[in-house]
Amino acid sequence: MAKYLRDISIHIEFSQELPNGFTQKDFNLTTHTVQNIFWYQIPKKFELDGISKLNIQITSKIPKSNYRNSADGISEYTFGGFDFEKYFKKSIVDKNRTILKVLETAISDILKSDKKKSSELLNITKSIAVNGFKYQTESKKLSKWNKNRTLRALVVCSVDENGQNAFVKIVDENGIEVLNEHLIKNNIYEYYNNLYKTNWTEKKFQILTRDGKIFKEIEPKKTVHNNV
């Protein structure tokens with residue numbers, strides 16, 4: 001059975017020391033914009049050398065990068081020769097550009113014998129830069145009209161320099177926004193557990209967790225544009 005690429009993590013090598021009192025968490029947080037935007041755009045059935053999860057670890061200790069595959073589908077790519085002192089002095093945009101370059105190098109190295117697949121993933125990385133390291137996507141599964149189609153609830157995930165955030169927007173049949181409310185910040189796996197299913201009751205939009213509990217229940221107020 002083919003293994004498809006499902007997950008990616010870009011982080012510091014665990015024994016790496018950092019300058020000026022920075023912590024490993026400080027560094028790892030700076031990789032999340034590129035990591036998460038790429039994660040959202042991975043093709044659903046993409047075979048990457050038998051990898052289901054790719055861990056890209058970054059270090060200054062070795063001059064060259066190397067790749068280690070594993071039978072269980074969790075593989076590791078080490079990016080060496082990284083200058084952490086220089087990195088922490090960069091602007092947010094330049095940090096993102098640096099991490100994007102790390103990702104592109106890993107893709108090119110792992111898929112050096114498969115230019116077609118390499119190009120497919122590198123086209124995604126190019127779009128990340130073109131779109132200014134910002135990405136927004138609507139969940140087709142969770143977004144729904146109410147029964148009489150006067151209101152539509154849209155569950156939207158957004159990734160930018162403020163991290164990863166999920167929102168619910170409700171618009172009327174004329175496309176006019178009735179409500180815009182924040183749901184969750186910064187954790188894909190909380191999305192997985194809490195934003196599982198949605199439905200409309202007579203007047204309320206419900207978001208249900210994976211175990212069937214109500215995560216959020218929203219009752220839009222009446223406006224001149226709808227008759228809820």
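The values are calculated or read from the model by the stated rules, or taken from the named source; none is laboratory data. Since the model is a prediction, treat every value here as computed from it, not as a measurement. Here the Cβ is made from the backbone with ideal geometry for all residues, glycine too, and neighbour counts use every protein chain on show. To get the accessible areas, we keep the full protein, side chains included, count just its heavy atoms, and leave off ligands, DNA and RNA. Shrake-Rupley method; radii C 1.70, N 1.55, O 1.52, S 1.80 Å.
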For PHE14 and ASN69, FRET efficiency with R0 = 22 Å and r from the beta-carbon atoms, rounded to 0.05? 0.65
Which entries of LYS61/LYS95; LYS53/LYS89; LYS61/LYS101; LYS141/LYS169 show an alpha-carbon separation above 24 angstrom in the structure shown? LYS53/LYS89
About its Cα centre, how strong a charge dipole does segment 1-150 have in debye, to the nearest 20, once Lys and Arg get +1 and Asp and Glu get -1 at the Cβ? 840
Under a straight-distance cross-link criterion of Cα-Cα below 15 Å, which aspartates and glutamates are reachable from LYS115, leaving out those fewer than 8 residues away in the same chain? GLU47, ASP49, GLU104
Share of carbon and sulfur in the accessible heavy-atom surface of segment 1-40 [1.4 Å probe, %]: 53
With every protein chain present, what is the per residue accessible area of the chain (1.4 Å probe, Å²)? 57
Rounded to the nearest 500, the 222 nm mean residue ellipticity computed for the chain from DSSP H runs (n ≥ 4, each -39500 (n - 2.57)) alone is -9000 deg cm²/dmol
How much accessible surface area, in Å² rounded to 10, belongs to the heavy atoms of TYR135 with a 1.4 Å probe? 50
What order do SER118, SER70 take when sorted by accessible area (1.4 Å probe), most exposed first? SER70, SER118
Over segment 62-177, what percent of the accessible surface lies on carbon and sulfur atoms, probe 1.4 Å? 50
What is the local net charge at VAL171, summed over the other residues whose Cβ is closer than 11 Å to its Cβ (Lys, Arg +1; Asp, Glu -1)? -1
Hey, if you put +1 on the Cβ of every Lys and Arg and -1 on every Asp and Glu Cβ in the chain, which of SER60, THR31, ALA166 ends up farthest toward the positive end of that dipole? ALA166
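How fast does segment 1-154 diffuse by Stokes-Einstein, in µm²/s, taking the Kirkwood radius from C-alpha pairs at 37 °C and 0.692 mPa s?
Reported coefficient: 193 µm²/s.
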Rounded to the nearest 10 degrees, what's the angle between the helix 92-110 long axis and the longest principal axis of the chain, both from Cα atoms, 0 to 90? 70
The answer for LYS197, listing residues at least 5 apart or on another chain whose modeled amide H is closer than 5 Å to its amide H, is LEU208
Given a cut-off of under 8 Å on Cα pairs at least six residues apart, what relative contact order in percent is computed for segment 126-195? 22
Using alpha-carbon positions, what is the distance between the centroids of segment 90-121 and segment 168-199, in Å? 31
